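The values are calculated or read from the model by the stated rules, or taken from the named source; none is laboratory data. Just so it is clear, the model here is predicted, and its values are computed rather than measured. Positions of Cβ are generated from backbone atoms using ideal geometry, with glycine treated the same way; all protein chains shown enter the neighbour counts.
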Amino acid sequence: MLVGCSSTPAPVVKTVTVSKPVYVLPPSNMMATGCPLRPFNGTTNLDLHRYTLQLITDIKICNQEFLRLRQWRQSVERGASQAQPRN
């Protein structure tokens, strides 16, 4: 018997990493319209007027953010559905 001789080579272990894009989208319930509004804490008509102006500004900003979020989500969904797997 020969020591150190073998007819089968030792197995070679190779690690293979496959890069594949993963699209993470905001949850659908986040896409529903609606903005959190601050409560009214005033006591005068002037306070109410200022509060109303602030609400209008907040709603405009919120609507712009939702619009951008929806556009981004749609562009990602279109891109993911049009992606072709590589061989």
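Scanning the stretch 25-74 for residues being among the hydroxyl-bearing types (S, T, Y) and either modelled with pLDDT under 85 or not in a helix (DSSP H, G or I) (or both) gives a total of 4.
The residues of the stretch 58-77 that are under 12 Å from the mean Cα position of the chain (by Cα) and of a type in the set (F, W, Y) amount to a single one, W72. Summed over the stretch 37-60, residues that are free of Cβ contacts under 8 Å to residues at least 12 places away in the same chain and under 24 Å from P26 (Cβ atoms) total 2.
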